[in-house]
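To start, the structure under review is shown below, and the notes come after it.
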Amino acid sequence: MAIETPHGRLAFLRERSSFRSAAEFARNLGVPEVSYRAHESGLRGFGEPQARRYAGVLNANWVWLLTGTGDPYNVEPEGEARTEEDLARLRPNEVEIDGRPVLTGDSDLPVYASAEGGKSGMIVTSDPIDWVKRPEPLLSVRGAFAVYVIGQSMEPRYEQGDMILVHPQRPVQSGDDVLLLSTDSDGSRAALIKRMMRWTTEAWTVRQYNPPKDYDLARTEWQQALVVVGKYNRR
C-alpha cells in the first residue's frame, strides 16, 4: 500500500489495527462512515484536528499521519515541541473522550483508588475515595465508576495517575479499551487496563502498548471485562 499521502497512511494504520473495516473504525469514533471513507480513500483531505483524533485511537503519531515525518507509532517524536493545546490542562468541568472535551454533569460518579501489588500489579479499593463530575456518556448509567491508573503498560494512551471512566453495562466489542477485574476469595480486586482484541468462552485476548504485545487471560481468573469510555487526564 502506498503511504506517500495522508489518506494512504491512514489506511495503512487502520488496516494494521484491531479495526477490521473502515465501517467498524468509523463506528468506534462516532463519525459518519461516509465521512471517514472519504478521508481514507483520498476523496476528501483532512487536517490536524482529524489527524490527532485518528492517531489517538490508532495509537499512532499524528505528525507522521499528516506529513510522513517521524515514526508511525511514536506518538511524540523525539525533539518535537508540544503545542499549547498539548500542554493545556482540562478545565475542572470537562472530561476528555477520544481526545474531545465533553461537558459533565453532577459530582456523583464514585472514584476508586488503585495501589501497586497483587498478581496484576494493580489492586482496586472496595470503597470510593472521592466523587467527581459525570461525563456525558455516563450521565444516566447505573453502576458507572472511575478508577485511577497504576502502571505504564498502556502508555501513551493511559498514563499513571489518569482516571479512567468505566461503563459497566455497555457490551464489550473488539477494539474496546477495557478494565479487567479479578475478584479473589478475600474480596480484593486485581485489575488490568488493556485493549480487547477478541475472546472465547475460555480466554480474553488483549493488547498492551508498553511493551507492545498480545496475550490471553483466562476468563475463570479474570471474571469481568468492563468498557472504558474515556478518562480524566492526570493533573
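Table for the structure above
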{"read-out": "Meets criteria (assigned to a loop (DSSP other than H, G, I, E, B), out of contact with any helix residue (DSSP H, G or I) (no Cβ under 8 Å at 6 or more places or on another chain) and either farther than 18 Å from Ala115 by Cα or not hydrophobic (A, V, I, L, M, F, W, C) (or both)) for Thr201", "value": "yes"}
{"read-out": "Any chance Leu58 is buried (at least 20 other Cβ atoms within 10 Å of the Cβ) and either of a type in the set (A, V, I, L, M, F, W, C) or assigned by TED's automatic domain parsing to the domain that holds Arg207 (or both)", "value": "yes"}
{"read-out": "Complete set of residues in region 204-229 that are among the aromatic types (Phe, Trp, Tyr) and in a loop (DSSP other than H, G, I, E, B)", "value": "Trp222"}
{"read-out": "Residue within region 31-53 that is surrounded by fewer than 19 Cβ atoms within 10 Å (Cβ to Cβ), outside the structural domain of Gly175 (by TED's automatic domain parsing), on the phi > 0 side of the Ramachandran plot and not hydrophobic (A, V, I, L, M, F, W, C) present", "value": "yes"}
{"read-out": "Matching entry among Ser107, Ser114, Ser126 (being of a type in the set (S, T, N, Q), modelled with pLDDT of 75 or more and within 17 Å of Gly161 (Cα to Cα))", "value": "Ser114"}
{"read-out": "Test: residue in region 81-97 that is modelled with pLDDT of 85 or more and either in a helix (DSSP H, G or I) or of a type outside the set (Ser, Thr, Tyr) (or both)", "value": "no"}
{"read-out": "Boolean, Arg170 is surrounded by 14 or more Cβ atoms within 10 Å (Cβ to Cβ), touching a helix residue (DSSP H, G or I) at 6+ places or on another chain (Cβ under 9 Å), in a loop (DSSP other than H, G, I, E, B) and free of Cβ contacts under 8 Å to residues at least 60 places away in the same chain", "value": "yes"}
{"read-out": "Complete set of residues in region 212-235 that are of a type outside the set (Lys, Arg) and without any contact (Cβ under 8 Å) to a residue 24 or more places away in the chain", "value": "Pro212, Asp214, Tyr215, Asp216, Ala218, Thr220"}
{"read-out": "Qualifying residue in region 58-68 (condition: in contact with a Leu (Cβ under 6 Å, 6 or more places away or on another chain) and under 20 Å from Met154 (Cβ atoms))", "value": "yes"}
{"read-out": "Positions within region 132-149 being modelled with pLDDT of 85 or more and either loosely packed, with under 14 Cβ neighbours inside 10 Å or part of a loop (DSSP other than H, G, I, E, B) (or both), in sequence order", "value": "Val141, Arg142, Gly143, Ala144, Val149"}
{"read-out": "Residue count, region 181-226 (criterion: of a type in the set (S, T, N, Q), modelled with pLDDT under 90 and exposed (fewer than 12 other Cβ atoms within 10 Å of the Cβ))", "value": "1"}
{"read-out": "Residue list for region 151-164, restricted to those being over 21 Å from Ala55 (Cβ atoms) and crowded, with 21+ Cβ neighbours inside 10 Å", "value": "Met163"}
{"read-out": "Criterion violated by Phe12 - all others in (1) touching a residue at least 60 places away in the same chain (Cβ under 8 Å); (2) in a loop (DSSP other than H, G, I, E, B) satisfied", "value": "(2)"}
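The values are calculated or read from the model by the stated rules, or taken from the named source; none is laboratory data. Predicted model only: the values in this text are computed from it and were never measured. Methodologically, a virtual Cβ is constructed for each residue, glycine included, from the backbone with ideal geometry; neighbour enumeration extends over all protein chains shown.
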